[in-house]
Amino acid sequence: MSSRSGSHAGRGFRYQDAVSAWLAIKCWNSDLDYGGVVPEGRDDAELLGINGSAFVQIKSRRSHLDPTPRRDVTEYIRQLWTRAEPVSPSQLILILEREIADAAMPPNILHPLPNIISIKRLVAGDRLAKEWLTKTSILIAPSPLENSIDLLVDKLGCAPIAASVYFAAIADRIGCLSDENGTRTPKDFLSFSISDLHREIVRLAETISIEDLHAAIKRGYCEPVDFLTPFDDPNFYLGTDIQPGHVAAGLLAERPEATTRVLEALEQRRAALITGPSGSGKSGLMWQTARQSRHTIRWFRIRDIATVEHVTELLRLVSTFRATARMPIGFILDDVGRARSSLWDTLASECSIKDNVLILGSLREEDMLLVARRSLTIEIREKPDELLAKRIWAELASSKRTKWTGWREPWELSSGLLLEYTHLLSQGERLSLVLREQVERRVREKRDTELEILRLASVAGRTGAMLDVGLLGGVLSRTESEVSAALWRLIDEHLVCMVPAENRISSLHQIRAKALAELLHETPLPTMAQTVRRAMALVAVSEIEGFVARTIAINSDFADAIISGASDIAARDGSLELVAAILRGLDIGSIGNTVTHWLEAVQPLNLPKTQLTMAATFAVGKTAEFMPEQLGTHFKAASLLREAAHREYRLTLLKRLLRPLQRTLHHSSTGALTEFLAACIGSEFPEKLIKTLEQRDVGLLEMPLANAVTLLETAGSLAPKLARSWVERVGQDALLQRLQCEMPWISTVVLRQEPEGLAACADIFYISDRLQPDLHGAVIELCRTLLALVPTARLIISTAMAPDGKPAGLGDYAIAQKRIPRDNLLADVLPTRNKRWIAAIAQQIAPTGVSQYLGEAIQLLNGLVPVLEQTLNSMLRGKADTKHLQALGEIYDRSGKLVRPPDAAVVEGRASGLRVADLQSVLNYCAADFLRDLLNLPTQAAAAYSRITEVLVRANSAIYNEPWDLLGDGRPPSLSRLQEILEQARLVVGATGARQTKVHLLNLRLAKSVNRNSALRLISVGVQQEIDRVTQQLNAEIERIVAAAGYRALAACRPEQAITGPWPYLVVNVVVLLNNLEEWLPTLEEVALPLLRGRGLGRRLTIVPAASGVPFPDQAVSGIDVLLPLPLTDISWLGELDLIPAESPVSKTFDSLSAALFEKSAISAFTCATDNRPPAECKALASASAEIDTETERLAALLPTAESVILRQKIDSLSSAGPELSVDYWRQMHGDGFSSLVMQLTSLKMTVLSAAQDCADEHCISLPN
């Protein structure tokens, strides 16, 4: 039986399934004289017929490889013959994806082996040749999917798009049968007959609609990708946007390792984003990956016209195409950052919950900030390699289009960027010289309209923006025919490119656009500022924020032109969303410029780069100075940022637009109004606009409550009196009454005076974790809501309350009890704007890429490890070794300057600054503090042990989470060795602290005799042997204690990384062996106290019951001072005792029942789910009641009649007890008594589990559905 591994990364992309489906279609079409296919039968596929059978071996070969070597073909044939010998099929077929070297064989037809002379000669001498050579044929099948569609179209007369649906269904069935046959014996193999195939087509033909299949395509949202039609572009190697036809033409150098990584990312997350700088080959890799997986993924290119509003149409295409996990639909989105990030985010969210759709895209690194849901996507940062660079040079050299005599020097000069590289090769001079000739030719020929378009397109294109073609004529005062003629020439000569679906033009590339913009404005008129102003009228709303921000970042002098342009289009358009986008762009651009000047000003302070964002946080948060000795420099830097000249362009624009804004604000939607106000945060807001808005009824009582909260929160942050005015208009009481009716599980809101001022007070009723998984977050959300709805409040007081009337928590610890002044709980819009400062700093100070950061870190690691190891060995031998201290000091200094590029948490605004990376922390500690900790032993042993443990966690994170594959050599050996040194040193520190001795006296005899390079290793081995001995002794003592109480137990003490109890630090795990679970509670009472006394003060003790040799981890108790019912999450230690935990659905069912009982009781305790309470409460009560009834009946079905009656009675009694169950439980949690009802419920569970176990042992009864 053949392997199921396939030839591509991932089961979902197998060429073999596509070929097997094609064979089935050929049988159905009478092209092959067989009646069906057995996928993964006695070979890759087996064809069955009335007069015999055929073995089919299928071999794929990646397109980057040469044609299939003849020696490989002969080996495949011999394998085929060997498998056929004991079975004697009537025919043997070898199917290859690639042609055979030096053999002219047309594809898609059977070639008898005797006719293939070059192969026949190589196998003719084989012992099986006499019997099988004449029965063997070879078939070349490069495109099984496309061939199958052609056959179906010819046979059925159907549309190709319908044929693709039929093929997908057939291939999916083939894949299912392959999986089934992989576990069957030959006599039980399943086949797919031509009758099965016909039924599948008939079934689908009755249900599919060609109109539905074409809907998204006809509307221009997407189009099928053509991977077969080559586009032999003569200018390809001069630099152009990669298209599928370029791949089909073989113009790209293959990157097999990179495409494999992308395919693996697609299979793992179903959403993969190829990122990198402009001109780094992202699109090429994307199209290569798609083409390689085309056999079983139907790829569609999302066109530029599609937006987030069209996702429903795209997903309907997935449904109408009957996509499955084996035959999914794939969407390709090139250049995600170009106003398409929202579309990507929405599709990525869908891919995270659907297994029949994939999305593959490319994204420029400079646009990473625009993608909000990056956590749903695997990002692949692939660099073009030297093989590709060499290929491009060779092609250009062969056509005499480059003056360079070799490829390596221009490749290094281009810094590995393809666009610059191709321009260097093609011209041999700077890019501006290439473009200057094109510009000057147009000047000479008086092609003025083209020059005007180029000016506008390049000014927009250097920021990544596109221009609306429909508006060009008006802006340029040209006729439609003049604009059209100029555009065609520019497009034909590759100076701009057209996006027909969106009716927009763009520059070919930002680098070219930047050079063109400078060249076209060398003459006095028009000025660059004039062109920027005119371009504002042509840039789409979705792109104008980025255009404005990047233009100001290029040159802040353009701000006046942008403001003037914004005034022009605002007067024409009047869209509040457009104004908001321009305001955000002005703010981002201004922040970037201010940060640039600030970074220059703080250089004399010598603040480590990773600390600069902390200083900025202090500045934007207006933090009062604290810890001056440690943070004095940070606050100096913060002061410089606060004092930095920050030009606030937004106020200028608002004043310029006062009149049109006053008109617009009267009738804009609340969503647009909120967006506009948020865009003004941090700027002074004109008083006239406040008065205009105060006169408007925004509909606080009619709009969704969440929208009202966001609007008031935003308005209150920008202009507090505006929020107060709106609330006064509708009435504070009416707004709070609405809150009471819509937000579940909250108490009545009370307004009262406190020393700080007016306080809004309300509590969260804690019902259950199922209904309130984030209780602390729920309290914070309530506080935020109250601050928005009560704009006059200076203080919010809120607590998560338990049913017994006390704060929810354990003992005196409260989970959430808040008293928050307004100034301490900022509206979401404020941190969002503050993080723009942090993101701007992070982007400017970080290295150009992660690979640069990792390369510098490896250099430091390689220097650190040998000198650190020698120093430690000397210390353990009592030798003073100071010769390496200078080297360690230099490594320490360099590690302080190491900065990791900002991660997604920073660029997405979820984190407030550049953190010190794990790798940097490891280097920093090991180069300095590590030795200081060892010198301070034994007095600081506990602190040193904790610090080493924390550094080990960071080292492990750096080993497994950093993308070491970017450097090509995997994780560095020096980091793994450093981890070993730290682990060995931690053992030494622990033992030194326990014995209260200096480190060199820990094992004096060994230290004196050991080799000078082996002290650390050998002494740590001795410590580990001592730990093993103590562990064995403690296991025996634990088992003895339980035996003394009359029971049997198995102990498995394990090392603990935290400092708990005496050395060695251990956790004590015990399994108490019982006859049945009903013995558990009385047994626990007898053994718990003796075990707590005998395990060693401070060590965690975990006790698990086992009945009939089966442990029940969900009934475990665990703790250090008090044993609490804490179900285990780590049960791996049970395997050391040869115990397999019970997979008990009964226990889970009873837990669900218990949770529903507690929810119903808690709802009763708080008098929720009554009239005038939120509907969600009534729904939750009804759900809990229904769950109680359902789960009770499921459990009763497991018990004998008498016991089931008792179960129902007891559950009914608990269910009708009102608040008593939850109140008693929380009183017990607060130490105010013992809950008899909780004990009844626990005892009842033990009875049910015991009865269910007996039933399972005797009858293998499972829970009813």
#### Entry: Among (1) acidic (Asp, Glu); (2) touching a residue at least 12 places away in the same chain (Cβ under 8 Å); (3) over 24 Å from residue 833 (Cα atoms) - the single one residue 522 does not satisfy
(2)
#### Entry: Test: residue in the range 703-722 that is assigned to a helix (DSSP H, G or I), in contact (Cβ under 8 Å) with a residue 40 or more places away in the chain and closer than 19 Å to residue 660 by Cα
no
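So, in the range 671-691, how many residues would count as being among the hydroxyl-bearing types (Ser, Thr, Tyr) and within 15 Å of residue 578 (Cα to Cα)?
Residues of the range 671-691 among the hydroxyl-bearing types (Ser, Thr, Tyr): 674, 683.
From the residues that got through so far, the ones that are within 15 Å of residue 578 (Cα to Cα) too are 674.
Selection size over the range 671-691: 1.
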### Query
Tell me, which residue of the range 1111-1127 that is assigned to a loop (DSSP other than H, G, I, E, B) and not β-branched (Val, Ile, Thr) is surrounded by the most Cβ atoms within 10 Å (Cβ to Cβ)?
1112
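Looking at 1073, 1066, 1089, can you tell me which residue is out of contact with any Asp or Glu (no Cβ under 9 Å at 6 or more places or on another chain) and in contact (Cβ under 8 Å) with a residue 24 or more places away in the chain? Steps first, answer last, please.
Details: 1066 fails: out of contact with any Asp or Glu (no Cβ under 9 Å at 6 or more places or on another chain); 1089 fails: in contact (Cβ under 8 Å) with a residue 24 or more places away in the chain.
Only one candidate qualifies: 1073.
Of 550, 533, which residue is touching a residue at least 60 places away in the same chain (Cβ under 8 Å), under 29 Å from residue 580 (Cβ atoms) and not hydrophobic (A, V, I, L, M, F, W, C)? Steps first, answer last, please.
On the way: 533 fails: touching a residue at least 60 places away in the same chain (Cβ under 8 Å).
That would be 550, the only listed residue that is touching a residue at least 60 places away in the same chain (Cβ under 8 Å), under 29 Å from residue 580 (Cβ atoms) and not hydrophobic (A, V, I, L, M, F, W, C).
Counting only residues that are outside any strand (DSSP E or B), over 42 Å from the mean Cα position of the chain (by Cα) and under 21 Å from residue 96 (Cβ atoms), how many does the range 33-51 have?
Start the filter on the range 33-51 by keeping residues that are outside any strand (DSSP E or B), which leaves 33-35, 40-44, 50-51.
This time we only want the ones that are over 42 Å from the mean Cα position of the chain (by Cα), so: 33-35, 50-51.
Narrowing the set further to residues that are under 21 Å from residue 96 (Cβ atoms) leaves 34.
Residues in the range 33-51 being outside any strand (DSSP E or B), over 42 Å from the mean Cα position of the chain (by Cα) and under 21 Å from residue 96 (Cβ atoms): 1 in total.
Surrounded by 15 or more Cβ atoms within 10 Å (Cβ to Cβ), in contact with a His (Cβ under 9 Å, 6 or more places away or on another chain) and touching a residue at least 12 places away in the same chain (Cβ under 8 Å): which single residue out of 148, 193, 143 fits that description?
Values: 148 fails: in contact with a His (Cβ under 9 Å, 6 or more places away or on another chain); 193 fails: in contact with a His (Cβ under 9 Å, 6 or more places away or on another chain).
Matching residue, one of 148, 193, 143: 143.
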### Query
Restricting the search to the range 511-542, which residues are at pLDDT below 90, over 22 Å from residue 438 (Cβ atoms) and assigned to a helix (DSSP H, G or I)?
541, 542
### Query
Here is a list of conditions, (1) part of a helix (DSSP H, G or I); (2) buried (at least 19 other Cβ atoms within 10 Å of the Cβ), and residue 134 meets all of them except one; can you say which number that is?
(2)
### The listed residue being basic (Lys, Arg), out of contact with any Ser or Thr (no Cβ under 7 Å at 6 or more places or on another chain) and either surrounded by fewer than 21 Cβ atoms within 10 Å (Cβ to Cβ) or at pLDDT 85 or above (or both), out of 269, 298, 303
303
### Message
Looking at the range 484-494, can you tell me whether even one residue there is at pLDDT below 90, among the acidic types (Asp, Glu) and part of a helix (DSSP H, G or I)?
### Response
yes
### Message
With the structure loaded, tell me whether residue 225 is outside the structural domain of residue 19 (by TED's automatic domain parsing) and touching a helix residue (DSSP H, G or I) at 6+ places or on another chain (Cβ under 6 Å) or whether it fails that test.
### Response
yes
### the range 1136-1179: number of residues that are under 30 Å from residue 741 (Cα atoms), in contact (Cβ under 8 Å) with a residue 24 or more places away in the chain and of a type in the set (Gly, Ala, Ser)
9
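On the given criteria, is residue 669 touching a Phe, Trp or Tyr at 6+ places or on another chain (Cβ under 8 Å) and not aliphatic (A, V, I, L, M)?
Working: touching a Phe, Trp or Tyr at 6+ places or on another chain (Cβ under 8 Å): no; not aliphatic (A, V, I, L, M): yes.
Here the answer is no, as residue 669 does not meet what is asked.
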## Note on the structure
The one condition residue 1150 fails out of (1) part of a helix (DSSP H, G or I); (2) at pLDDT below 85 is (2)
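Taking the range 1095-1125 as the region of interest, how many residues are among the hydrophobic types (A, V, I, L, M, F, W, C), in contact (Cβ under 8 Å) with a residue 24 or more places away in the chain and farther than 19 Å from residue 1079 by Cβ? Spell out how you get there, then give the answer.
Of all residues in the range 1095-1125, those among the hydrophobic types (A, V, I, L, M, F, W, C) come to 1097, 1101, 1103-1104, 1106-1107, 1110, 1112, 1116-1117, 1120, 1122-1124.
When the remaining residues are screened for being in contact (Cβ under 8 Å) with a residue 24 or more places away in the chain, the result is 1097, 1101, 1103-1104, 1106-1107, 1110, 1112, 1117, 1120, 1123.
Cutting the leftovers down to farther than 19 Å from residue 1079 by Cβ gives us 1097, 1101, 1120.
Matching residues across the range 1095-1125 total 3.
Across the range 107-153, which residue is farthest from residue 170 (Cα to Cα) among those that are within 45 Å of the chain's Cα centre (by Cα) and hydroxyl-bearing (Ser, Thr, Tyr)? Outline the logic, then answer.
Step one: filter the range 107-153 for residues within 45 Å of the chain's Cα centre (by Cα), giving 107-108, 138-153.
Applying the additional criterion that residues be hydroxyl-bearing (Ser, Thr, Tyr) yields 143, 148.
On the way: 143: 16, 148: 10 Å.
Among residues in the range 107-153 that are within 45 Å of the chain's Cα centre (by Cα) and hydroxyl-bearing (Ser, Thr, Tyr), the one farthest from residue 170 (Cα to Cα) is 143.
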## Note on the structure
residue 814: passes all of (1) of a type in the set (A, V, I, L, M); (2) in a loop (DSSP other than H, G, I, E, B); (3) out of contact with any strand residue (DSSP E or B) (no Cβ under 6 Å at 6 or more places or on another chain) but (3)
### Query
What residue, of 533, 572, is closer than 16 Å to residue 656 by Cβ and surrounded by fewer than 17 Cβ atoms within 10 Å (Cβ to Cβ)?
572
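Results for (1) among the hydrophobic types (A, V, I, L, M, F, W, C); (2) closer than 17 Å to residue 788 by Cβ; (3) in the same structural domain as residue 1219 (by TED's automatic domain parsing), shown as yes or no for each residue.
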residue	(1), (2), (3)
700	yes, yes, no
711	yes, yes, no
714	no, yes, no
724	no, yes, no
731	no, yes, no
749	yes, yes, no
752	no, no, no
755	no, no, no
767	yes, no, no
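Restrict the check to the range 496-506 and report whether at least one residue is outside any helix (DSSP H, G or I), surrounded by 21 or more Cβ atoms within 10 Å (Cβ to Cβ), at negative phi and charged (D, E, K, R). So that I can check it myself, show each step before the final result.
First, pick out the residues of the range 496-506 that are outside any helix (DSSP H, G or I): 496-499, 503-506.
Keeping just the survivors that are surrounded by 21 or more Cβ atoms within 10 Å (Cβ to Cβ) gives 496, 504-506.
Then keep just the ones that are at negative phi; that gives 496, 504-506.
Imposing the further condition that a residue be charged (D, E, K, R) reduces the set to 504.
Yes, because at least one residue in the range 496-506 is outside any helix (DSSP H, G or I), surrounded by 21 or more Cβ atoms within 10 Å (Cβ to Cβ), at negative phi and charged (D, E, K, R).
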### Summary
Residue hits (the range 984-1005; buried (at least 16 other Cβ atoms within 10 Å of the Cβ) and hydrophobic (A, V, I, L, M, F, W, C)) are 985, 987, 988, 989, 991, 994, 999, 1002
### Message
Quick check on the range 344-364. Is at least one of its residues at pLDDT 80 or above, crowded, with 19+ Cβ neighbours inside 10 Å, in a strand (DSSP E or B) and small (Gly, Ala, Ser)?
### Response
yes
### Query
What is the one condition in (1) of a type outside the set (Val, Ile, Thr); (2) in contact with a Ser or Thr (Cβ under 6 Å, 6 or more places away or on another chain); (3) surrounded by fewer than 18 Cβ atoms within 10 Å (Cβ to Cβ) that residue 1151 does not satisfy?
(2)
### Query
Restricting attention to the range 196-220, which residues are surrounded by fewer than 11 Cβ atoms within 10 Å (Cβ to Cβ) and basic (Lys, Arg)?
218
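The values are calculated or read from the model by the stated rules, or taken from the named source; none is laboratory data. Remember, predicted model here, so these are calculated numbers, not experimental data. Note that we place each Cβ from the backbone using ideal geometry, even for glycine, and neighbour counts take in every protein chain shown.
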